[in-house]
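Here, each number is a calculation from the coordinates, and none is a lab measurement. All of these numbers come straight from a predicted model, not from anything done at the bench. Every residue, glycine among them, receives a Cβ derived from its backbone with ideal geometry; neighbour counts consider all protein chains shown.
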């Protein structure tokens, strides 16, 4: 696996790959890799001839009192995992200047109204920061395709919209959420969970599933949201939001046949968890 940490070396190597006619896939991450990330690499391998994974903890997507300084940095372990999964190139910028060298060009890049709901409402500016780093990685790489996980559904939706506007030839691939055997969606922040919380955390997904079953019986979104919220709070979760929406992140109409999605964010102790379930 080739490891690059400067913009110049990275661009030169990517240009070499393109001159050879390689089909390039990009898997952007913030490191602390788990099986969810590695599943993205596996999908990328099947659909391209060269897989690039990036590891960059993006300061622009963290709020003032969030965990930027304490976010897990596990580069040696991440490199070992990527090698085992036959990733071709790792781009791990040694500073933000290697990514945001043209930061002035990004001042007007905003997530818009759908970036200010759900996670965007509780983390103001978060998705603006996400889109800025992803935009720059797309611009530096000009990949044929890029793979993102469905666990971060709102993020994926916004990246797809941004790509459609600025990178129309780029194919964005949605990868299924990878879960532990107990149902908990894999996340880098799961490592924050203490001994007690790790036993409670799997209830998050189970309560959401139960909520969907409740909706099928009641056909009442508001009542089901109250039902889910009460069950979460009863099990020590601090609820940030529970919402039923269309897969275009629009409000649902009653008795609609549209595909639906239940999205939720909670805190368990000091750990933020997010999850979603699509259903008909």
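Worth a mention:
- Taking label points 7 Å from Cα along the Cα-to-Cβ direction, residue 16 and residue 212 give a separation of 4.6 nm.
- Residue 222/residue 108 FRET efficiency (R0 41 Å; Cβ-Cβ; nearest 0.05): 0.65
- Looking at the chain, the pairs of alpha carbons with a distance over 23 Å make up 56% of the total.
- Using C-alpha pairs under 8 Å with a sequence gap of at least 6, the mean separation divided by the residue count of the chain gives a relative contact order of 17 percent.
- Inter-label distance, nm, simple model (7 Å from Cα along the C-beta direction), residue 121/residue 279: 2.1
- Where only C-alpha atoms are counted, convex hull volume of region 188-279 per residue in Å³: 89
- Distance (nanometres) between label positions extended 7 Å along Cα→Cβ at residue 65 and residue 236: 2.2
- FRET efficiency for the pair residue 86 and residue 256, taken as 1/(1 + (r/R0)^6) with r the Cβ-Cβ distance and R0 = 51 Å, rounds to 0.70.
- For the listed peptides 29-37, 60-68, a ranking on the average number of other beta carbons within 10 Å per residue, highest first, reads 29-37, 60-68.
- Label zone (residue 248, point 7 Å along Cα-to-C-beta; backbone nitrogen cut-off 15 Å) within region 139-169: 157-158, 161.
- Shown for 51, 99: other C-beta atoms within 10 Å of each C-beta, ranked fewest to most, produce the order 99, 51.
- Computed lengthening from residue 3 to residue 194, 0.36 nm per intervening residue step minus Cα-Cα distance: 65.4 nm
- 0 to 90° range, to nearest 10: angle between helix 35-47 axis and the chain longest Cα axis: 60
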